[in-house]
Amino acid sequence: MAKRPENQVADYRANIERLKAERAEVVARPATPTEAEARIDAYLASQAEQYRRRVTVERLKLRADLDALGDKDDAFFAFYFRDQIKAALMAETADGMDAADRSAELERIDTALLEAEQAEESAITEAEQRGHYITRRADADPRAVLAFD
């Protein structure tokens, strides 16, 4: 015996929440060590360069225009502690995911998520045709909801 649309909606919604959680995990995973190192190096180099441009050497005396630096703490630390910052950040990349794998995984999840939301909307529409009103989720994908109008 087929499930009633109201029960199907609950199942679809549980699947949607599972897929959203899975997507959040993929997004939160760090980059691979190789990709992370390239990003870290680029960021630290740009920050150190910002700081270097604000520092002048006059008569063997180092003078920094800290007022001009404002809230650029990253620039100061990148200039003086680049290797320590890089080592600390690289320690977090052990189980990283490369950009191509992340993109493919997010595409797979997004496709499954849209299909689940379309199935949910189909069940809601079917329930409405039977005289049952089911509230749509506020965060429902408009592509799924509007596809049935």
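What the table shows:
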quantity	calculated
Extreme residue, farthest from the chain's Cα centre (by Cα), among residues of region 58-90 that are modelled with pLDDT under 80 and of a type in the set (Gly, Ala, Ser)	ALA64
Selection within region 103-117 - closer than 19 Å to ALA14 by Cβ and buried (at least 17 other Cβ atoms within 10 Å of the Cβ)	ILE109, LEU113, ALA116, GLU117
Unmet criterion (only one of (1) of a type in the set (Lys, Arg); (2) within 30 Å of ASP139 (Cβ to Cβ); (3) at pLDDT below 90) for ARG23	(3)
Residues being in a helix (DSSP H, G or I) and of a type outside the set (Lys, Arg) - total across region 120-149	14
Leading residue by the ranking (farthest from LEU19 (Cα to Cα)) among those in region 118-135 that are surrounded by 17 or more Cβ atoms within 10 Å (Cβ to Cβ) and small (Gly, Ala, Ser)	ALA127
Filter result for ASP149 (at pLDDT 90 or above, surrounded by fewer than 17 Cβ atoms within 10 Å (Cβ to Cβ), assigned by TED's automatic domain parsing to the domain that holds ASN7 and of a type outside the set (Val, Ile, Thr))	no
Breaking point among (1) part of a loop (DSSP other than H, G, I, E, B); (2) modelled with pLDDT of 90 or more; (3) hydroxyl-bearing (Ser, Thr, Tyr); (4) surrounded by 13 or more Cβ atoms within 10 Å (Cβ to Cβ), for THR93	(2)
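The values are calculated or read from the model by the stated rules, or taken from the named source; none is laboratory data. Source: prediction; values computed, not measured. Note that each Cβ is placed from the backbone with ideal geometry, even for glycine, and that neighbours are counted across all protein chains shown.
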